[in-house]
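As structure tokens, the structure follows; a few thoughts come after it.
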Amino acid sequence: MAWEIVIGLETHTQLSTQTKIFSGSSTRYGALPNTQANEVDLALPGSLPVMNKAAVDRAIRFGLAVGATIAPRSIFARKNYFYPDSPKNYQISQFEIPVVQGGSISFFIGDQEKTVNLTRAHLEEDAGKSMHDDFVGPHGEASSGIDLNRAGTPLLEIVSEPEMRSAAEAVAYAKALHSLVMWLGICDGNMQEGSFRVDANVSVRPVGQKEFGTRCEIKNVNSFRFLERAIQYEVRRQIELIEDGGRVVQETRLYDSERDETRSMRSKEDAHDYRYFPDPDLPPLVIAHDWIESVRQTMPELPAALRSRFVSDFGLAPVDAAQLSSSRELAGYFESVNAALPAGQAKLAANWIMGEVSATLNREEKDITQCPVSAAALGALLTRIIDGTVSNKIARDVFAAMWAGEHDGNPDAIIQAKGLTQISDTGAIAAMVDAVIADNPAIVAEYRAGKQKAFNSLVGQIMKAAKGKANPQQVNDLLKAKLEG
């Protein structure tokens, strides 16, 4: 039987406020356990929550970025559950009326653009953290601890429609969302610290069936690689279970990265299990039109607009424009490199940034903000390709020396010190071409008999004789002229 995968993601985005959503406690990461939790976070009797305006500003900013509706009036509810790291035994969240309604996220799968619609994005508080690993009780016994520093940290939970049909699509969506919240400055995006956590709702159904299958939720995945592997495993598990005559049970599961499998955590609750009701301690959140407009005025140029500008102004392919606008820093680097080049060379800048620069950054596990080759220096190197001082191949050697900091990363100084200036003298190249033709009569005969690979072999020998410094175009033109003359 052919199966269709159905995936929807719920993403918990920790908002970049200095204090918590309903209290003045710090949200700074890494403090000693329970040193950043006050009476509101601990739910002490008589304490009352007060809304953090900065958290609402960030929710509005996100809603505007995804083309959503900002609710003029939304309410907070109590979501009841009983976990050790929830001191109130409920979570303040939004249920019936979320602050952000609708919207969409667009991204590329290969060179194909896809858009996933959003159901909602709502404000809520985070819970604390249960600690089990290597925690020892007062008498040396194995024990668990509770750290409430994270309790009350502001979250924007972003819920997609179940419109993704593969693990690759889910990862591409999550990466696009991750890039957007960092672009907007509403989240630092640190997945290792839990600032961006994804819950994946996964189900399968026979191809052609309209009704959704029974879904399972994979909880708190904090790595794109783990998200892909967790979905792939869960899809296999569900299909094998059904085909063996079993049935999928709605439940919450955890992904074990060491065993590369999901395992059952608890039965999956539905909305009625949480017994939502309006929080009596918080008034409705009222967002006036003027508030929305004031936030709109602080918005940066959005990725979609930047992609369109890169396509229209620089002639880049949409998929290249999307890659170069994956972060504000990368987009800025590209624009600075392009500004240092003669007009009409944006494609060369794009190719180098997506190629040599990105490959070296990935190899050294760095991002563009840590690139040792400045945009101005890369622009100077690419200018030497354009004016024929060096070939594209030799430029890669120069780039490696710039990356290593040789001659303070100055491309001209490196080219001069290493004697890498390209040979463009027609007479010198012609002499090398003549010598290679004379030394390789058999290969010449193969070319004249119609074997095109023989031509590349001769070019390779000429470039070897020139130590890679001969102008490739001149080599090709002169060799072809002599062979066909």
For the list (1) among the hydrophobic types (A, V, I, L, M, F, W, C); (2) in contact with a helix residue (DSSP H, G or I) (Cβ under 8 Å, 6 or more places away or on another chain); (3) at pLDDT 95 or above, I need the number of the one condition that Val286 fails. (2)
Hey, Ala68 among the hydrophobic types (A, V, I, L, M, F, W, C), surrounded by 15 or more Cβ atoms within 10 Å (Cβ to Cβ) and either touching a strand residue (DSSP E or B) at 6+ places or on another chain (Cβ under 6 Å) or closer than 20 Å to Pro280 by Cβ (or both) or not: yes
Could you tell me how many of the residues in segment 170-204 are closer than 29 Å to Thr19 by Cβ and in a strand (DSSP E or B)? 4
Here is a check on your reading of the model: is Ile7 more than 23 Å from Asp281 (Cα to Cα), in contact with a Pro (Cβ under 8 Å, 6 or more places away or on another chain) and of a type outside the set (S, T, N, Q)? yes
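Can you tell me which residues in segment 401-427 are part of a helix (DSSP H, G or I) and in contact (Cβ under 8 Å) with a residue 12 or more places away in the chain? Let's see the steps before the verdict.
Here is the first cut: in segment 401-427, the residues part of a helix (DSSP H, G or I) are 401-403, 406-409, 411-418, 426-427.
Once the filter is applied, which keeps residues that are part of a helix (DSSP H, G or I) and in contact (Cβ under 8 Å) with a residue 12 or more places away in the chain, segment 401-427 yields Ala401, Met402, Trp403, Gly409, Pro411, Asp412, Ile414, Ile415, Lys418, Thr426.
Being in a helix (DSSP H, G or I) and crowded, with 18+ Cβ neighbours inside 10 Å: is that true of Leu241 here? Can you show your working first?
Working: in a helix (DSSP H, G or I): yes; crowded, with 18+ Cβ neighbours inside 10 Å: no.
So Leu241 does not fit the description; no.
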Is it the case that some residue within segment 178-199 is aromatic (Phe, Trp, Tyr) and touching a residue at least 12 places away in the same chain (Cβ under 8 Å)? yes
Just wondering, is there one or more residues in segment 286-303 that are over 30 Å from Met354 (Cβ atoms), in contact with a strand residue (DSSP E or B) (Cβ under 9 Å, 6 or more places away or on another chain) and in a strand (DSSP E or B)? yes
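Among the residues of segment 1-24, count how many are in a loop (DSSP other than H, G, I, E, B) and crowded, with 22+ Cβ neighbours inside 10 Å.
Initially, segment 1-24 is screened for residues in a loop (DSSP other than H, G, I, E, B), giving 1-2, 15-18, 20-24.
Going one step further and asking which of them are crowded, with 22+ Cβ neighbours inside 10 Å, we end up with 15, 20-23.
Final tally of qualifying residues: 5.
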Considering residues that are in contact with a strand residue (DSSP E or B) (Cβ under 9 Å, 6 or more places away or on another chain) and part of a loop (DSSP other than H, G, I, E, B), the number found within segment 138-169 is 13
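For the subset of segment 429-485 comprising residues that are small (Gly, Ala, Ser) and surrounded by 14 or more Cβ atoms within 10 Å (Cβ to Cβ), which member is farthest from Val390 (Cα to Cα)?
Keep residues of segment 429-485 that are small (Gly, Ala, Ser), which gives 430-431, 435, 438, 442, 445, 449-450, 454, 457, 460, 465-466, 468, 470, 481, 485.
From what's left, surrounded by 14 or more Cβ atoms within 10 Å (Cβ to Cβ): 430, 454, 457, 465-466, 468, 470.
Working: Ala430: 19, Ala454: 26, Ser457: 22, Ala465: 16, Ala466: 13, Gly468: 10, Ala470: 9 Å.
Checking each candidate, the answer is Ala454.
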Filter segment 55-71 down to residues that are part of a helix (DSSP H, G or I), touching a residue at least 60 places away in the same chain (Cβ under 8 Å) and among the small types (Gly, Ala, Ser), then give me how many there are. 3
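Restricting to segment 103-114, and then to whatever is more than 16 Å from the chain's Cα centre (by Cα) and part of a strand (DSSP E or B), can you tell me which residue is surrounded by the most Cβ atoms within 10 Å (Cβ to Cβ)? Let's see the steps before the verdict.
Looking only at segment 103-114, we keep the residues that are more than 16 Å from the chain's Cα centre (by Cα), and these are 103-104, 111-112.
Among the residues that remain, those that are also part of a strand (DSSP E or B) are: 104, 112.
On the way: Ser104: 14, Gln112: 9.
Checking each candidate, the answer is Ser104.
Name the single residue, out of those in segment 281-313 being hydrophobic (A, V, I, L, M, F, W, C) and under 24 Å from the mean Cα position of the chain (by Cα), that is surrounded by the most Cβ atoms within 10 Å (Cβ to Cβ).
Initial filter on segment 281-313 (hydrophobic (A, V, I, L, M, F, W, C)): 282, 285-288, 291-292, 295, 299, 302, 304-306, 310-311.
Next, only the ones that are under 24 Å from the mean Cα position of the chain (by Cα) stay: 299, 302, 304-306, 310-311.
Working: Met299: 13, Leu302: 17, Ala304: 16, Ala305: 11, Leu306: 20, Phe310: 24, Val311: 15.
Restricting to residues being hydrophobic (A, V, I, L, M, F, W, C) and under 24 Å from the mean Cα position of the chain (by Cα), the top hit is Phe310.
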Single unsatisfied condition, Ser26 versus (1) without any contact (Cβ under 8 Å) to a residue 12 or more places away in the chain; (2) within 26 Å of the chain's Cα centre (by Cα): (2)
Looking at Leu382, Leu316, Leu330, which is the one that is of a type in the set (A, V, I, L, M, F, W, C), crowded, with 18+ Cβ neighbours inside 10 Å, part of a helix (DSSP H, G or I) and under 26 Å from the mean Cα position of the chain (by Cα)? Leu330
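How many residues, within segment 335-366, are farther than 19 Å from Asp111 by Cβ, assigned to a helix (DSSP H, G or I) and either touching a helix residue (DSSP H, G or I) at 6+ places or on another chain (Cβ under 7 Å) or not small (Gly, Ala, Ser) (or both)? Even if it seems obvious, please write down each step before you answer.
Here is the first cut: in segment 335-366, the residues farther than 19 Å from Asp111 by Cβ are 335-345, 348-349, 352, 356-357, 359-366.
Next, only the ones that are assigned to a helix (DSSP H, G or I) stay: 335-339, 348-349, 352, 356-357, 359-363.
If we keep only those that are either touching a helix residue (DSSP H, G or I) at 6+ places or on another chain (Cβ under 7 Å) or not small (Gly, Ala, Ser) (or both) too, we end up with 335-338, 348-349, 352, 356-357, 360-363.
Here the count works out to 13.
The values are calculated or read from the model by the stated rules, or taken from the named source; none is laboratory data. These figures come from a predicted structure and were not determined experimentally. All Cβ positions, glycine included, derive from the backbone under ideal geometry; neighbour counts span all protein chains shown.
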